[in-house]
Amino acid sequence: MKIVYKGLALMISILAVQLGFVFVLLNLLDQAERTAAREAQAKLIVGHTNKLMHTYYDAANTLKGYFLSRDDKARAQYEAVMNKVPLELDWLSTNLKGNPDAKASLEAIRKKSDQILNILKEAKRTADEESVISAIPRLGEFRAEIQPLFDGLVVDADKLIKRQEKILEENPATQARERAEIRNILYIGLASNVGIAIFIAFYFFANIVSRVDILMDNTRRLSKGESLRGRLKADDELGELDRVFHEMAAALSEARRKERAIFDNALDVICAIDSEGRFQEVSPASTSVWGYEPQSLTGAELKELVAEDQRAELTLCLEAAKSGSLTGPFEASVVAAGGENLIETLWTVQWNQDDSCFYCVAHDITDRKRVESRIREVIERLPVGIAVAHPDGSIEYVNPKLCETFSYEPYQFDGLHLKDLYDDTDGGDTGLKETRARRAGAIEFPAEVSSVSYDTHEGMRQLVVVIDVTEKFELLRLRRSFVSMVSHELRTPLTSVQSFLGMLTMGVYGDLPEQVTKLGASAERSTNQLIRLINDLLDVERMEQGRLEMKIQAVNSRDVLQAALEAVEGFADRYEVEVDCDVEDMGFPCDQDRVSQVLINLISNAVKFSDRGDSVHVRASRSGDNVRFEVEDSGRGIPAPYLSAVFERFQQVDESDAREKGGSGLGLAICKVIVESHGGTIGVESEEGKGSLFWFTLPASEN
Ligand code: ADP
């Protein structure tokens, strides 16, 4: 039961006992009051009885006066006295109603009183009607009649008075008895109250206090880490408090156990350092990480453990941690046991005001530092310029190559921003992009720049790579002018050679020896190949400069395909490869020559890489909003790693392809540009040894 209910039940029972006492006391008091009232009433009855007797005397006397004087005043006096008689009698009968003993006396008094009153009335009537002389003799008669009655009345009144006097005599004894009873009851009440108070003290408060003592003892034990006393067997608030306390203690000890396990097993050194900078407690990791047993460090100064040149800085860091101004972890080199090795350590320090000590975690970063220094060495030697900048663009670090690229000494970067070095410094992560950069003396040069943001324990930083592409630009320019020069200068004479060789092999210049005809045919093929290469090169040049013109017109899929098939017919015959086609007749807008060029390239590749007797399937069909062309062969296929590369320039799966199959590795690159210029897509599905399926789609209608 809850304490409050227990207390309440106890209070109610105490109250019941108290009420019993009060009830008995009230009863006794009532009895005493009744005794006192009886006494008072007895006195009054005695008084009124005496008064009645006196009234009769007065009546007789005043009547005698009236009898003799016949005076109105005397008569009035007599009447006034006579009026009192019934009043007194009534009072007596009213007040003796509940008194059966007095009833007989009162009846006798009333009877005699009535007789006396009748006689007096008769006497008065006589006095009223007769003369004094005739009446006086009657006076003796009346007296003689009244006297015995009056004597009897006195006897009755005396009886009544005696009875009351008896009551008065008995009353003091009764009152004394009643007072004694009240006193006794009061003593008993007092004694029982004291008893109850003692009971409460022992059985209630003493019980609570003893349990509170247990709780307090448990609190003390918890603070000292001792085991708690057994649980209280009670279901009241203290029992509940004890249960919660035990649960809390269990949770605390579990948490402490885990904390201890972490402390004991952590790879990092965990330690508590007092405000003077001395170790209070050190985790076992100090043995494996620093080579010191934890006990040997207790009481030692942390400063003594740190490399001499870093001690002042360490003190500053600890002070900052104490004042709350330390923003993050700091590094310090711990001199390992033996004094030879330095352990690079990252310190996370937290000042605890309540315990007045620093809680620290020291993480071994020696390996990381070693790697960092290696990375730094690599970065220093990198052939590209590297800069590290704050998010606002201010430069924090540059490698030697960057200094060289911008013709600055390292110190000259102090205070410089990325925007002082190159344009487009809008930050964020960017791929390699071309921009204008400025070296010392505001000399501009083309550069490729890429930047990436990364998080450090000092905040976000931007890593910027800058490559001077002046030479690349120059080479590109040279290549372009070389290609254009070579192409133009070579194409014209080669075309003449081609037509001469054509006519030669056709016998325009007469019959030639077989050997010469063979050589002429071979020379013609080589010349054709050379002209095709030159044309491809020129196409690529034009494409690079965005000069590839498209003559878009409405065409029919069958016509486009027909033109391509006719162009490769002879070629396919030579390779003994059959080309079949399945065309859905449909119109669509495109540059017919260019799309035929794509198809010719794809079909001749398919023929080229097929075996003799194989077939190449060409298909054209509608696919949603597009026209889809497919060229499928069952030749050698393309290895997976080359699948995406074949559309890049000068990419050939096999280096011997150019030699054995002809071609420059430019065909698919040109196809890609043509298809994409039409707003289409090109792709390939292939499995090595099983053949390839080249496809491209073109929009079926003009947007
Ligand atoms: P090339 O003029 O050398 O044929 P392409 O750009 O047309 O240049 O092709 C590039 C390379 O892709 C070829 O050299 C060849 O290695 C590979 N290739 C193209 N088509 C096929 C195919 N149908 N089967 C196997 N390999 C192919």
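Rounded to the nearest 20 debye, the dipole magnitude of the chain is 5960 debye, with +1 charges on Lys and Arg beta carbons, -1 on Asp and Glu beta carbons, and the Cα centre as origin. Sites listed here are trypsin sites (Lys or Arg not before Pro) in region 555-635 whose DSSP assignment is loop and whose Cβ has at most 15 other Cβ atoms within 10 Å: Arg612. Charge dipole (Cα centre; +1 on Lys/Arg Cβ, -1 on Asp/Glu Cβ; no other charges) of region 350-432 amounts to roughly 440 debye.
Return the calculated 222 nm mean residue ellipticity for the chain, to the nearest 500 deg cm²/dmol, obtained by summing -39500 (n - 2.57) across DSSP H runs with n ≥ 4 and dividing by the residue count. -20500 deg cm²/dmol, from helical runs alone. Separation of the alpha carbons by more than 32 angstrom is noted, of Lys64/Lys166; Lys419/Lys472; Lys472/Lys551; Lys322/Lys401, for Lys64/Lys166; Lys472/Lys551; Lys322/Lys401.
Applying both filters, DSSP loop and at most 12 other Cβ atoms within 10 Å, to the trypsin sites (Lys or Arg not before Pro) of region 30-108 gives Lys97.
Identify all lysines with a Cα-Cα distance to Lys233 below 19 Å; exclude those on the same chain that are fewer than 8 residues away in sequence. Straight-distance partners of Lys233: Lys2, Lys6. Taking +1 at the Cβ of each Lys and Arg and -1 at the Cβ of each Asp and Glu, which of Gln18, Gly299, Val560 sits farthest along the dipole of the chain towards its positive end, judged by Cα position relative to the Cα centre? The one lying farthest along the dipole's positive direction is Gln18. Restricting the calculation to alpha carbons of region 126-187 gives Rg and Dmax of 25.0, 78 angstrom. Taking amide hydrogens as placed 1.01 Å from N in the peptide plane, the amide H of Glu687 sits under 5 Å from those of Ile638, each at least 5 positions away in sequence or on another chain. The 3J(HN,Hα) values that the Karplus relation (6.51, -1.76, 1.60; θ = phi - 60°) gives for region 205-215 are, in residue order, 5, 4, 5, 5, 4, 5, 6, 4, 4, 5, 4 Hz. Gly and Pro appear as x.
Derived scalar couplings between HN and Hα for region 598-608 equal 4, 4, 4, 4, 5, 5, 5, 4, 4, 5, 4 Hz in order, rounded to whole Hz, by the Karplus curve 6.51 cos²θ - 1.76 cosθ + 1.60 (θ = phi - 60°), x for Gly and Pro. Charge tally around Glu687: other residues with Cβ under 13 Å, Lys/Arg +1 each, Asp/Glu -1 each, net -2.
Straight-distance candidates among the lysines for linking to Lys690, with alpha-carbon spacing under 23 Å and chain neighbours fewer than 8 residues away dropped: Lys608, Lys661. Counting charges near Lys2 (Lys, Arg +1; Asp, Glu -1) among other residues having Cβ under 12 Å from its Cβ returns a value of -3. For the chain, the calculated P(r) over all alpha carbon pairs, in 20 Å bins from 0 to the bin holding the longest distance, is 11, 17, 14, 13, 11, 8, 8, 9, 7, 3, 1, 0 percent.
Against the main long axis of the alpha-carbon atoms of the chain, helix 100-129 sits at an angle near 50°. In the chain, the longest principal axis of the Cα atoms and the axis of helix 311-323 are about 40 degrees apart.
Going by a ≥ b ≥ c, the root eigenvalues of the Cα gyration tensor, does region 270-398 fall in the rounded group (a/c under 1.5), the prolate group (a/b larger than b/c) or the oblate group? In terms of gyration-tensor shape, oblate. Roughly speaking, what % of Cα-Cα pairs in region 351-474 are separated by over 20 Å, rounded to a whole number? The answer is 50 percent, as a whole percent. With contacts taken as Cα pairs under 8 Å and at least 6 residues apart, the chain reaches a relative contact order of 6 percent. The amide H of Val616, built 1.01 Å from its N in the peptide plane, has Glu578, Val579, Asp580 as neighbours under 5 Å, considering only residues 5 or more places off or on other chains.
Based on DSSP loop calls and a cut-off of at most 13 other Cβ atoms within 10 Å, the longest stretch of the chain free of exposed chymotrypsin sites (Phe, Trp or Tyr not before Pro) is what? So the longest stretch without any such site is 1-508. Around the Cα centre of region 1-123, unit charges on the Cβ atoms of Lys, Arg, Asp and Glu (plus for the first two, minus for the last two) sum to a dipole of about 260 debye. For GluC sites (Glu not before Pro), the sites in region 438-476 that DSSP calls loop and that have at most 13 other Cβ atoms within 10 Å are Glu458.
The residues packed around Glu458, meaning those with a beta-carbon under 13 Å from its beta-carbon, carry a net charge of -2 if Lys and Arg are +1 and Asp and Glu are -1.
Every number here is computed from the coordinates shown, using simple stated rules; none is lab data. This structure is a prediction, so every number in the text was calculated from the model and none was measured. Positions of Cβ are generated from backbone atoms using ideal geometry, with glycine treated the same way; all protein chains shown enter the neighbour counts.
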